[in-house]
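Input: a single structure, listed below in C-alpha cells.
The values are calculated or read from the model by the stated rules, or taken from the named source; none is laboratory data. None of these values were measured; they are calculated from a predicted model. Here Cβ is always computed from backbone atoms with ideal geometry, including for glycine, and neighbour counts include all displayed protein chains. To get the accessible areas, we keep the full protein, side chains included, count just its heavy atoms, and leave off ligands, DNA and RNA. Shrake-Rupley method; radii C 1.70, N 1.55, O 1.52, S 1.80 Å.
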Amino acid sequence: MTANLTESDRPAPQAAIRVLKFGGTSMGSGERILESARLVLAAGGSPVVVVSAMSGVTNQLEALRIGQDTPIAQIEERHLEAARTILSEGPGREGLERAIRARLRAVREGLGIEEEAAVEEGPAADGVSDDVRSAGEDLSVLLMTAALSRFGHRARVVDARTIVRTDDRVGGAVPDDDATVERARHRLLPLIDDGVTPVIQGFVGASADGRTTTLGRGGSDFTAAIIGAALGAPEVTIWTDVDGIYSADPGQIPAARILPELGYEEAVELAYFGARVIHPAAAKHAVGRQVALRIRNSFHPERPGTLIRIDRRGTPGVAALAFKPRVGLLTVRSRPMFMAYGFLARVFEVLTRNRVPVDLVATSHTSTSLTVDRDAPLDRVLTELDAFAEVELLTGMATVSAIGAGLLRTPGVTGEVFRALDDLPVHLISQATDTSLSFVVGEERAPEVIRRLHAALIESRLPNASPHHDP
Ligand code: ADP
Ligand code: ASP
Ligand code: MG
C-alpha cells in the first residue's frame with residue numbers, strides 16, 4: 001500500500017504529539033473516565049484526546065422512539081452520576097450538570113418530546129438524526145475535560161464539527177481529507193503550543209453547510225486516525241477493553257492469543273472482515289498516512305498491547321480469524337435474452353446507486369454470488385436487478401475470514417482449512433489477495449467454523465504462545 005499524501009503534503013512529524021482515543025468502556029462510568037484521564041497524564045508529551053460515547057449510549061440513542069423519554073432520562077442520570085464522581089460539589093460541577101442537561105434537552109426537542117407528553121413506547125423514529133446520534137460523544141467530551149481539569153491539567157473541548165468536514169450522508173458520512181487536515185492543524189496546533197490538551201468527540205463531524213454528521217458505527221477510531229495523521233503524530237493509541245488484537249475475538253474464543261504486532265495489510269483486512277476492535281477506515285487511513293496504531297487495554301495499562309506497524313508486512317501463516325454477522329448472499333444470473341457482456345457492470349451499477357457495499361464476490365460462467373450487508377436497502381436492489389437478472393437472496397449468513405500474510409503460500413494452510421470444514425456447508429469461498437481467505441456460512445454455524453479453524457490453524461501452530469488475559 002502506498003501513502004496517499006506526497007512528501008511535501010505530509011505534515012512535519014510532531015514527535016511529541018500523542019493522540020489517545022478512549023472507547024465506550026474506557027468512558028463507561030465516572031471512575032473509568034478518571035482512570036482514562038490518568039492515562040492521558042501518564043502519556044507525557046502533548047496529548048490530544050478523542051473520546052467515544054459511554055458504552056451502550058449510541059445504541060440507546062439509535063433505538064429512540066418518538067415521544068419516548070425513559071432512555072433519555074436514563075442517559076441523563078448516568079452522565080450526572082459520572083459528573084458527581086468526577087467533580088466535587090461546587091460551581092464547576094453545577095456548570096457540568098447544566099451542560100449535560102442542555103445537551104439532552106436538545107435531544108428531547110429533536111424527538112418532539114415534551115415532558116408531560118412522554119410515552120413508554122412511541123412509534124419508531126424512522127432513523128434518528130445525526131444530531132441525536134452524536135449526543136453521546138458530546139456528553140463524553142464534557143466529562144473527560146472535567147476529569148482532566150480535576151487533576152490540574154489544562155484541557156479544552158474542541159468541537160469535532162469544527163474539524164472533521166464530511167459529505168452529508170446520514171449515519172455514515174465520508175470525511176473530506178484536505179479540508180479536515182487544514183482545520184485540524186489550524187484549530188489544534190495553537191492550543192497544543194499553549195500547553196492545552198484538546199478533547200474532541202470521536203465519530204462526529206459536520207457537512208459544508210454546518211449540519212452534524214456521524215462517521216458510521218465504531219467511527220471514533222477513524223476520528224483518532226484522521227487527527228493523528230493531520231497532526232503528523234507518529235502513533236495513535238486506541239484504548240479499549242481488551243489487551244490488543246487477538247487471533248480471534250477473545251469474547252468468542254477463550255483460547256485466542258494476543259498478537260504483539262500486526263502487519264498493515266493484515267490489520268486492514270481483519271478490520272474489514274469484522275474484527276470490531278479496530279474500525280476498518282481507521283486502519284486504512286492510518287496505514288495510508290504512515291501513522292502507527294497501538295491498541296491497548298485501559299483496564300491493564302501495564303500490558304504492551306498490539307502495534308500495527310506500517311513497516312511490517314506480517315508473518316507467514318494465519319494470524320487471525322474474523323467474523324461478520326448479518327450478511328446477505330446475493331446470487332445473480334443473467335436472463336437468457338441478455339448478453340453476458342456488460343452484465344456485471346449493470347449489477348454493480350444498481351448496487352452502487354443504492355449505496356450497498358459488496359464484500360466478497362465469486363463468479364462462474366453462469367452465475368455470480370456476492371455478499372452484502374443484510375441491513376442495506378435490499379428490497380429496492382432486488383426489484384431493480386429483477387429487470388435484467390434472475391436473483392436469489394439468502395439472508396441469515398455470516399462471513400468467516402482467515403487473515404495472514406502470504407496465506408496461500410504457506411504450506412498446509414488450505415489443506416487444513418478444507419479438512420476442518422469438511423462436513424459443514426460452505427456457500428461461497430473467496431480469496432482476492434494473499435492476505436485473506438473468506439467463507440460464507442450460515443450464521444448459526446459461524447461459531448463452530450471459527451472454533452474449528454482456530455484450533456486447526458492457530459492453536460496447533462503456536463504451541464508456546466500464551467493465551468489471553470481476561471480484562
Ligand atoms: P471500544 O468501545 O473500546 O471501541 P469495541 O467494542 O468497539 O471497543 O471493540 C473492542 C471489542 O472488539 C472487544 O471487546 C472484542 O470483543 C472485540 N473483538 C473482535 N475481534 C477481536 C480481535 N480479533 N481482537 C480483539 N478484540 C476483538
Ligand atoms: N459511539 C459510537 C458507536 O458506538 C462510535 C464509537 O464508539 O466508536 O458506534
Ligand atoms: Mg470501537
Residue 222 passes all but one of the listed conditions (1) over 18 Å from residue 157 (Cα atoms); (2) away from ligand 2 (no atom under 14 Å from the Cβ); (3) open to solvent by 10 Å² or more (accessible area, probe 1.4 Å); the exception is number (2)
Have a look at 54, 27 and point out the one that is modelled with pLDDT of 95 or more, in contact with a strand residue (DSSP E or B) (Cβ under 9 Å, 6 or more places away or on another chain) and within 18 Å of residue 224 (Cα to Cα). 27
Residue 214 crowded, with 24+ Cβ neighbours inside 10 Å, over 25 Å from residue 309 (Cβ atoms), within 16 Å of ligand 1 (Cβ to nearest atom) and not aliphatic (A, V, I, L, M): yes
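Working carefully through the options 70, 58, find the one that is open to solvent by 20 Å² or more (accessible area, probe 1.4 Å) and either in contact (Cβ under 8 Å) with a residue 40 or more places away in the chain or at negative phi (or both).
Of 70, 58, the one residue that is open to solvent by 20 Å² or more (accessible area, probe 1.4 Å) and either in contact (Cβ under 8 Å) with a residue 40 or more places away in the chain or at negative phi (or both) is 70.
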Region 263-285 - residue that is over 18 Å from residue 241 (Cα atoms) and touching a Gly at 6+ places or on another chain (Cβ under 7 Å) and, of those, nearest to ligand 2 (Cβ to nearest atom): 266
Tell me which residues, restricted to region 244-260, are within 16 Å of ligand 3 (Cβ to nearest atom) and surrounded by 24 or more Cβ atoms within 10 Å (Cβ to Cβ). 244, 245, 246
Tell me, please, whether a residue that is buried (at least 17 other Cβ atoms within 10 Å of the Cβ), in contact (Cβ under 8 Å) with a residue 24 or more places away in the chain and small (Gly, Ala, Ser) can be found in region 424-431. yes
Of a type in the set (Asp, Glu) and in contact (Cβ under 8 Å) with a residue 12 or more places away in the chain, is that true of residue 375? yes
Looking at region 131-145 only, could you name the residues that are more than 17 Å from residue 34 (Cα to Cα), open to solvent by less than 10 Å² (accessible area, probe 1.4 Å) and of a type outside the set (S, T, N, Q)? 132, 135, 136
Here is a list of conditions, (1) under 15 Å from residue 82 (Cα atoms); (2) open to solvent by 10 Å² or more (accessible area, probe 1.4 Å); (3) more than 19 Å from the chain's Cα centre (by Cα), and residue 46 meets all of them except one; can you say which number that is? (1)
Search region 234-269 for residues being within 26 Å of residue 197 (Cα to Cα) and modelled with pLDDT under 95, and hand back the single one that is farthest from ligand 1 (Cβ to nearest atom). 234
Any residue in region 217-242 that is on the phi > 0 side of the Ramachandran plot sitting within a Cβ distance under 6 Å of a residue that is of a type outside the set (Val, Ile, Thr) and within 16 Å of ligand 3 (Cβ to nearest atom)? List the pairs, counting only those 6 or more apart or interchain. 218/279
Can you tell me which residue among 275, 271, 320 is under 30 Å from residue 456 (Cβ atoms) and over 16 Å from the mean Cα position of the chain (by Cα)? 320
Of (1) among the polar types (S, T, N, Q); (2) closer than 30 Å to residue 248 by Cα; (3) more than 23 Å from the chain's Cα centre (by Cα); (4) buried (at least 20 other Cβ atoms within 10 Å of the Cβ), residue 368 satisfies all except one. Which? (4)
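Could you tell me how many of the residues in region 30-63 are acidic (Asp, Glu) and either in contact with a Ser or Thr (Cβ under 9 Å, 6 or more places away or on another chain) or in a strand (DSSP E or B) (or both)?
2
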Within region 166-210, which residues are at positive phi and out of contact with any strand residue (DSSP E or B) (no Cβ under 7 Å at 6 or more places or on another chain)? 195, 210
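Within 10 Å of ligand 1 (Cβ to nearest atom) and at pLDDT below 95, is that true of residue 276?
For residue 276, the condition - within 10 Å of ligand 1 (Cβ to nearest atom) and at pLDDT below 95 - is met.
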Determine, yes or no, whether residue 287 is in contact (Cβ under 8 Å) with a residue 12 or more places away in the chain, away from ligand 1 (no atom under 14 Å from the Cβ) and either among the hydrophobic types (A, V, I, L, M, F, W, C) or more than 12 Å from residue 308 (Cβ to Cβ) (or both). yes
When you look at residue 76, is it charged (D, E, K, R) and buried (at least 17 other Cβ atoms within 10 Å of the Cβ), yes or no? yes
